[in-house]
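Report on the structure given below.
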Amino acid sequence: MSLLGRDFHSSLDDGSKSLLERNSNVTAENVHPAEEASGLSRMQTLIHLLKCNIGTGLLGLPLAMKNAGLLVGPISLLGIGVLTVHCMVILLNCAHHLSQRWQKTFVNYGEAMMYSLETCPNAWLRTHSAWGRYTVSFLLITTQLGFCSVYFMFMADNLQQMVEEAHMTSNNCQPRKFLVLAPILDIRFYMLTILPFLMLLVFIQNLKLLSIFSSLANITMLGSMALIFEYIVQEIPDPSNLPLMASWKTFLLFFGTAIFTFEGVGMVLPLKNQMRDPQQFPFVLYLGMSLVITLYICLGTLGYMKFGSSTQASITLNLPNCWPYQSVKLLYSIGIFFTYALQFHVPADIILPFAVSQVSERWTLFVDLSVRIALVCLTCVSAILIPRLDLVISFVGSVSSSALALIIPPLLELITFYPEDMSCATIAKDIMISILGLLGCVFGTYQALYELIQPIGHSVANATGEMDLTQVSTHTPQGMPFLVWDCFGGLLYL
């Protein structure tokens, strides 16, 4: 193996061991020796598990329900949730089995894939077993950078709406109408405005300090979620005019969004490893994911019932134009801003060790900061090139999240336990889950890409149906071009 190959292999090894732990904010770096000995309690593990699965994808679930239908949506989300939890259990069982076989104290996701390939009957797979870890690491990098790109769009969408509507904001919280506004600044300007602040944020490498921001993010997001539920449960319109089943094309977008929302698949192994009593983790997992799935279904269904055909890419964009609910957008955006740094540590922990190993010690700091800046700019450029929050969520979910959550775990179980006489039912089950995930990945990716290349007017018409322009406020200066908030949180020229 070449020197470059050895360095890259070692860097991935070091990075992959810490990337999941750092993302969960439960790391050896911020745990004191006494705490390491005692480990995490069941309550602490539950809180971390909930935190890992609640992000921007949650706010896009009402639109996902609209893409699936009022009946099909909740049932499908429940089914995807059950399959995801089952795949988490598969991952736990395989990692436990492989750690015992290889006499390791802890096996992460990438290592589990590599060790399973090293013991499989196929000689070619044994020879190329390291590529199993590389594949998982690549998917983790892609997924996390996709999350960060979505965070850019989410913050810019909400910031734009708050600024554009500031002169109309009042204390009277009436249901939102479509608002026609004079154009002020393109949404890409808001992304570029956020960019330098995120650059400074990712320079913070001390996770003890980031944990303070993480706690602040949790508080702001929890308060925002309470206000969102407080609003959507009031005066819900008659849902009888909402379709029970949407078209199959929009259902593919639902699949990607639903998979994107279950962000914590890669977190189960480090959380179990750091528990005081790891045997209790299955109970914590089932309890935590039951709460998460219930939250997802409730917010998605109630949000769709509340806003109907006007449902936007993020439910925050549907909230009334008054100061209490404008503060919800601000608080949740602040929470997402600080969460960006935690999600950013995942790809950084894989890429930085390899990049730094290629230069002398005097250039280490320069390369470290340069790579961080480049990764942040990459997520910003991605958001600028594709400023469609809902479609990017669906695309990231279909491409990489589906592979990590539904495709790889069943294949991992087949490779790990096949030499030990698996039952035919288990083999058939694993094959079916992987095929389902693969079909969702292929067709969901195709539909998201198809929608992305369509003209804005075409996509909006397909997503929202007819727009009642009689309800549009026209308080714009004479001669100014009209703009209306579309269902994706952008601005559509009229």
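Annotations
- The requirement of being of a type in the set (A, V, I, L, M, F, W, C), closer than 14 Å to Ala68 by Cβ and either modelled with pLDDT of 85 or more or in contact with a Leu (Cβ under 9 Å, 6 or more places away or on another chain) (or both) is satisfied by Ala258.
- Sole exception among (1) more than 16 Å from Leu242 (Cβ to Cβ); (2) modelled with pLDDT of 90 or more for Pro62, by number: (1)
- Only one of the numbered conditions (1) within 28 Å of Ser224 (Cβ to Cβ); (2) in contact with an Asp or Glu (Cβ under 8 Å, 6 or more places away or on another chain) is violated by Gln358, and that is (1).
- Cβ-Cβ distances below 9 Å connect the following pairs, each with a first residue in segment 44-67 that is in contact (Cβ under 8 Å) with a residue 60 or more places away in the chain, a second residue that is among the aromatic types (Phe, Trp, Tyr) and outside any helix (DSSP H, G or I), and a separation of six or more residues or different chains: Asn53/Phe262; Gly57/Phe262; Leu63/Phe488.
- The residue that is surrounded by the fewest Cβ atoms within 10 Å (Cβ to Cβ), among those in segment 226-242 that are of a type outside the set (Val, Ile, Thr) and in contact (Cβ under 8 Å) with a residue 24 or more places away in the chain, is Asn241.
- Flag if Gln312 is of a type outside the set (Gly, Ala, Ser) and not in a helix (DSSP H, G or I): yes
- Verdict on Glu165 being of a type outside the set (A, V, I, L, M, F, W, C), surrounded by fewer than 19 Cβ atoms within 10 Å (Cβ to Cβ) and touching a strand residue (DSSP E or B) at 6+ places or on another chain (Cβ under 9 Å): yes
- Cβ-Cβ under 9 Å pairs, at least 6 apart or on other chains, segment 431-457 side within 30 Å of Ile384 (Cβ to Cβ), far side at pLDDT 85 or above and open to solvent by 40 Å² or more (accessible area, probe 1.4 Å): Gln447/Phe251
- Residues in segment 389-413 that are open to solvent by 30 Å² or more (accessible area, probe 1.4 Å) and either closer than 17 Å to Met114 by Cβ or without any contact (Cβ under 8 Å) to a residue 40 or more places away in the chain (or both): Leu411 only.
- Verdict on Pro243 being assigned to a loop (DSSP other than H, G, I, E, B) and not hydroxyl-bearing (Ser, Thr, Tyr): yes
- Evaluating Ile204 against the criteria (1) closer than 30 Å to Leu375 by Cα; (2) surrounded by 19 or more Cβ atoms within 10 Å (Cβ to Cβ); (3) at pLDDT 80 or above leaves one unmet condition, (2).
- A Cβ distance below 6 Å, combined with a sequence gap of six or more or placement on separate chains, defines the contacts here; from segment 200-222, residues that are within 15 Å of Ala348 (Cβ to Cβ) reach residues that are surrounded by fewer than 17 Cβ atoms within 10 Å (Cβ to Cβ) and modelled with pLDDT of 70 or more in the pairs Leu210/Ile204.
- Search result, residues across segment 305-317 that are in contact with a Gly (Cβ under 7 Å, 6 or more places away or on another chain) and open to solvent by less than 30 Å² (accessible area, probe 1.4 Å): Thr311, Gln312, Ala313, Ser314, Ile315, Leu317
- Scan of segment 421-439 for residues that are under 8 Å from Pro410 (Cα atoms) and touching a Leu at 6+ places or on another chain (Cβ under 7 Å), ordered by number: Asp430, Ile433, Ser434
- For Lys104, the requirement of being more than 22 Å from the chain's Cα centre (by Cα), farther than 19 Å from Ser402 by Cβ and surrounded by fewer than 24 Cβ atoms within 10 Å (Cβ to Cβ) is met.
- Condition check for Ile386: touching a Leu at 6+ places or on another chain (Cβ under 8 Å), surrounded by fewer than 21 Cβ atoms within 10 Å (Cβ to Cβ), farther than 18 Å from Tyr231 by Cβ and modelled with pLDDT under 85: yes
- The number of residues in segment 318-350 that are among the β-branched types (Val, Ile, Thr), within 19 Å of Ser149 (Cβ to Cβ) and open to solvent by less than 10 Å² (accessible area, probe 1.4 Å) comes to 3.
- Count - residues of segment 356-383 that are open to solvent by less than 50 Å² (accessible area, probe 1.4 Å) and either more than 19 Å from Tyr340 (Cα to Cα) or without any contact (Cβ under 8 Å) to a residue 12 or more places away in the chain (or both): 4
- Residue identified as of a type in the set (Phe, Trp, Tyr), modelled with pLDDT of 80 or more and within 29 Å of Gly308 (Cα to Cα) among Phe417, Phe443: Phe443
- When we screen Ser314, Ser327, Ser360 for residues that are polar (S, T, N, Q) and at pLDDT 85 or above, the only hit is Ser360.
- Hits in segment 107-135 (condition: buried (at least 23 other Cβ atoms within 10 Å of the Cβ) and among the hydroxyl-bearing types (Ser, Thr, Tyr)): Tyr109, Tyr115, Ser116
- Checked against (1) surrounded by fewer than 24 Cβ atoms within 10 Å (Cβ to Cβ); (2) at negative phi; (3) at pLDDT below 90, Gly39 meets all criteria but (2).
- Flag if Phe283 is in a helix (DSSP H, G or I) and open to solvent by 10 Å² or more (accessible area, probe 1.4 Å): yes
The values are calculated or read from the model by the stated rules, or taken from the named source; none is laboratory data. Since this is a predicted model, take the numbers as computed values, not measurements. Methodologically, a virtual Cβ is constructed for each residue, glycine included, from the backbone with ideal geometry; neighbour enumeration extends over all protein chains shown. Remember, those area values only see protein heavy atoms, side chains included, never the ligands or the DNA or RNA. Shrake-Rupley method; radii C 1.70, N 1.55, O 1.52, S 1.80 Å.
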